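Visitor: Below are the C-alpha cells for one structure; questions will follow.
The values are calculated or read from the model by the stated rules, or taken from the named source; none is laboratory data. Keep in mind the model is a prediction, meaning the values are calculated, not measured. Here the Cβ positions follow ideal geometry from the backbone for every residue, glycine too, while neighbour counts run over all protein chains shown. These area figures cover heavy atoms from the full protein model, side chains too; ligands, DNA and RNA do not enter into them. Shrake-Rupley method; radii C 1.70, N 1.55, O 1.52, S 1.80 Å.
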Amino acid sequence: MDRGVRQLLAWYDRDCRSLPWRQRVTVYHTWICEVMSQQTTLAVVLPKFAEFIQQLPTVDDLATCDEEKLRSLWAGLGYYARARNLKKGAEFIVSHLNGCFPQTYREWLQIPGCGDYTAAAIASICFNEQVSCIDGNVVRVVSRLLALQDVWSAAGRSRILDYLRQIIPSDRPGDFNQAMMDLGATICRKTKPCCDACPFQMQCLAFANNCIEVCPPKKPRRAVVDIELFVLIFWHRETDTFAIANRKSGFLAKTLGFPLIQSDRLPETKSILTSNPHFYLIELPGKFTHRITHHRISGKILASQIDNNLNDDAIASVGQKLGLSQPLHWINRIDLETKFATALDKKAFQLFQKYSSVNSIKTLDVLP
C-alpha cells in the first residue's frame, strides 16, 4: 500500500466526520445519503436524511411513497429530479429484483437514475469493491497531489481515474473513497487549505511547487441565459384557494406548482383569459429572480381572480386552451406552500401575497 494512502487511512480512522449513515452502514442508507449529498451542503442534508429515513425506512416504503409525501420529504434539498430518480430506482429494485439490492458497480449502473458516482460509492462502501468515486472534493485533492491543472477535460478526468485506480487499496476501498472526500471537505479546502494537517503533504506536488491556489483551476462556466417567465396564479378569492398543476415541460417539468408561461406565449395567454368575462386578469407589478443551472430567470406574476360561480368544467376548458396539464388542483392558502417542490413557486407566491394582502385583485387595473 502506498505510504500516503496508509497515512490517509490512519487520519480517517482518527479524524473522520461522524455522520449518521456511517454509524451503521446499510445499502439503503448509503444510497439515500449519497444522492442527497450531491450539490447540497451537509448542514442541509443531515436533518433531511434523518426525517427521510424515519418516514421511509425501507426500499419498499420508498417505492410505494406517493408524490406529495416524497416532495415534502425532499423540500429544501433542491434538484427534485434526484428524488424522482430515487423513487424510480426503488420501484425497479422492488419489481425487478424482488427487493434485493445490486452488489456490484456495474449492476448499480443498471438502476434507473444511478450514475457513476453513486454506483461507485455504494459498491465500494457496502460491498468492498475496488472502484473509485469522484466528486468535486476528490478532483481537488488529486489535482493538488499531481499539480494537475487540466482536470475538466475528458483527458484530465481520465488521468485522475487512472491515478486513483493505482492507489485505491483492495482491502479498504470504501474507507479510501470516504477519506478522500472528507480530506477535500475539511483539510484540502478550496481556500485556506490546512496543509500542515494533511496526510498527503509529503506527496503533494502542488504544495512542493507552491501552486496550491491554482490547482484545480475554476471550472469553466456555461454562458448564462437570461429568460423571462410568467407565473400564472389562478385564485378563487371567495374560498381563498389556488390552482397548481403537474408541469409537463420546461425547466421544472414533472414538478407540482403554478403553471409557467414563456414570454413568447404571453400575448396568447392574455387573449384566452381576457376573452372570458369570468377571469379578472392582471399583471402584478414587481418581479422576482431565480437561477436554475445556467439559466437566470426574471419572474413576473400573471394573476387571475376567478368568478366563484364558474364551474370546474369551464375552468378546465380554459386550462386546456392554455395547454395546462389536467386536472388542476385547488389548494387553500394555508396548505399551499407545503405543496411546492421548488423555490421558484415560493418566491412567486410571496410576491403575490405582498400585493393581495393590501389590495383586492379585482380592484386593480384589469388588463385590456
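Visitor: If residue 69 satisfies every condition in (1) assigned to a helix (DSSP H, G or I); (2) out of contact with any Cys (no Cβ under 7 Å at 6 or more places or on another chain); (3) modelled with pLDDT of 95 or more; (4) not aromatic (Phe, Trp, Tyr) but one, which is the exception?
Guide: Evaluating residue 69 over (1) assigned to a helix (DSSP H, G or I); (2) out of contact with any Cys (no Cβ under 7 Å at 6 or more places or on another chain); (3) modelled with pLDDT of 95 or more; (4) not aromatic (Phe, Trp, Tyr) leaves (3) as the failure.
Visitor: I need the full set of residues from region 216-261 which are under 18 Å from residue 151 (Cα atoms) and touching a helix residue (DSSP H, G or I) at 6+ places or on another chain (Cβ under 7 Å), in order please.
Guide: Matches in region 216-261: 216 only.
Visitor: Would you point out which residue out of 190, 254 is at negative phi and within 23 Å of the chain's Cα centre (by Cα)?
Guide: So the residue among 190, 254 that is at negative phi and within 23 Å of the chain's Cα centre (by Cα) is 190.
Visitor: In region 199-215, which residues are open to solvent by 30 Å² or more (accessible area, probe 1.4 Å), in contact with a helix residue (DSSP H, G or I) (Cβ under 7 Å, 6 or more places away or on another chain) and either of a type outside the set (Phe, Trp, Tyr) or on the phi > 0 side of the Ramachandran plot (or both)?
Guide: The answer is 201, 203, 205.
Visitor: Right, next: Looking only at region 136-161, which residues are touching a Pro at 6+ places or on another chain (Cβ under 8 Å) and part of a loop (DSSP other than H, G, I, E, B)?
Guide: Passing the criteria: 148, 149, 151, 152.
Visitor: Sort out which residues of region 47-66 are part of a helix (DSSP H, G or I) and either open to solvent by 60 Å² or more (accessible area, probe 1.4 Å) or touching a Pro at 6+ places or on another chain (Cβ under 9 Å) (or both), and write them in order of number.
Guide: The answer is 47, 49, 50, 51, 53, 54, 55, 60, 64.
Visitor: Residues in region 335-357 that are over 24 Å from the mean Cα position of the chain (by Cα), assigned to a helix (DSSP H, G or I) and modelled with pLDDT under 90: how many?
Guide: Within region 335-357, residues that are over 24 Å from the mean Cα position of the chain (by Cα), assigned to a helix (DSSP H, G or I) and modelled with pLDDT under 90 number 4.
Visitor: Scan region 263-281 and give yes if some residue there is farther than 30 Å from residue 188 by Cβ, crowded, with 19+ Cβ neighbours inside 10 Å and in contact with a Gly (Cβ under 8 Å, 6 or more places away or on another chain), otherwise no.
Guide: So far as region 263-281 goes, no, none of its residues is farther than 30 Å from residue 188 by Cβ, crowded, with 19+ Cβ neighbours inside 10 Å and in contact with a Gly (Cβ under 8 Å, 6 or more places away or on another chain).
Visitor: Which one of these does residue 129 not meet: (1) assigned to a loop (DSSP other than H, G, I, E, B); (2) modelled with pLDDT under 95; (3) over 21 Å from residue 190 (Cβ atoms)?
Guide: (2)
Visitor: Confirm whether residue 151 is surrounded by 19 or more Cβ atoms within 10 Å (Cβ to Cβ) and either in contact with a His (Cβ under 8 Å, 6 or more places away or on another chain) or at pLDDT below 95 (or both).
Guide: Yes.
Visitor: Right, residue 219: open to solvent by 20 Å² or more (accessible area, probe 1.4 Å), among the basic types (Lys, Arg) and closer than 24 Å to residue 132 by Cα or not?
Guide: When the stated conditions are applied, residue 219 passes them.
Visitor: Here is a follow-up. Residue check: is residue 170 hydroxyl-bearing (Ser, Thr, Tyr), open to solvent by 70 Å² or more (accessible area, probe 1.4 Å) and touching a residue at least 40 places away in the same chain (Cβ under 8 Å)?
Guide: Yes: the conditions hold for residue 170.
Visitor: Can you tell me which residue is nearest to residue 43 (Cα to Cα) among those in region 162-184 that are in a helix (DSSP H, G or I) and touching a Leu at 6+ places or on another chain (Cβ under 8 Å)?
Guide: 183
Visitor: Now for a different question. Closer than 23 Å to residue 346 by Cβ, surrounded by fewer than 18 Cβ atoms within 10 Å (Cβ to Cβ) and polar (S, T, N, Q): does that describe residue 72?
Guide: Taking the combined requirement at face value, the residue satisfies it.
Visitor: Any idea which of (1) surrounded by 14 or more Cβ atoms within 10 Å (Cβ to Cβ); (2) modelled with pLDDT under 80; (3) outside any loop (DSSP other than H, G, I, E, B) is the one residue 300 doesn't satisfy?
Guide: For residue 300, the failing item is (2).
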